[in-house]
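Asks: My questions all concern the structure below.
The values are calculated or read from the model by the stated rules, or taken from the named source; none is laboratory data. Here the structure is a predicted model, which is why all the values come from computation and not from measurement. Positions of Cβ are backbone-derived with ideal geometry, glycine not excepted, and every protein chain shown enters the neighbour counts.
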Amino acid sequence: MIQSHYYEVYFHSWTAGGGGGFSYTRVIEYDPISLSPESGTVSAGSSSDVDIIFDASGMFGGEYYADLIVASNDPVDPEVVVSAHLSVMLIRKW
């Protein structure tokens, strides 16, 4: 499985002029999409269920998009792309 990795970055300050500069903190990466099972084999003519789990904990409010790529040895359709969309609402705890 090929994965793209993205990191959340917090910018603390930005200095313009004189060469500029900035400070930032990179937040620990986690994958909000997981599969269960992560891999497997399906015999010809049969099927298998795969659970796709979205975990929005720790994410900022907003719209998130991803393509899930299912790879197989099918010569006609070696890859099937399934688009995924996650809408995260920010809930403030006062």
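Asks: Among the residues of segment 47-90, write down those that are out of contact with any Ser or Thr (no Cβ under 9 Å at 6 or more places or on another chain) and among the polar types (S, T, N, Q).
Replies: Matches in segment 47-90: Ser47, Ser57, Ser72, Asn73, Ser83, Ser87.
Asks: Yes or no: Leu90 modelled with pLDDT of 80 or more and either of a type outside the set (Ser, Thr, Tyr) or surrounded by 10 or more Cβ atoms within 10 Å (Cβ to Cβ) (or both)?
Replies: Judged against the criteria, Leu90 is not a match.
Asks: Also, quick follow-up: Could you list, in sequence order, the residues of segment 68-87 that are modelled with pLDDT of 85 or more and more than 16 Å from Asp31 (Cα to Cα)?
Replies: Matches in segment 68-87: Val76, Glu79, Val80, Val81, Val82, Ser83.
Asks: Could I ask something else about it? Within the group Leu86, Leu35, Leu68, which residue is in contact (Cβ under 8 Å) with a residue 40 or more places away in the chain and not charged (D, E, K, R)?
Replies: Leu86
Asks: So, of the residues in segment 43-55 that are over 12 Å from the mean Cα position of the chain (by Cα) and touching a residue at least 12 places away in the same chain (Cβ under 8 Å), which turns out to be surrounded by the most Cβ atoms within 10 Å (Cβ to Cβ)?
Replies: Val50
Asks: Do you know which residues across segment 56-76 are closer than 24 Å to Val42 by Cα, surrounded by 10 or more Cβ atoms within 10 Å (Cβ to Cβ) and out of contact with any strand residue (DSSP E or B) (no Cβ under 7 Å at 6 or more places or on another chain)?
Replies: Ser72, Asp74
Each row is one residue, and each column tells you yes or no for (1) at pLDDT below 80; (2) among the hydroxyl-bearing types (Ser, Thr, Tyr); (3) in contact with an Asp or Glu (Cβ under 8 Å, 6 or more places away or on another chain); (4) within 16 Å of Val82 (Cβ to Cβ).
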site	(1), (2), (3), (4)
Ser34	no, yes, yes, yes
Thr41	yes, yes, no, no
Ala44	yes, no, no, no
Ser47	no, yes, no, yes
Ile52	no, no, no, yes
Ser57	no, yes, no, no
Gly61	no, no, no, no
Ala66	no, no, no, yes
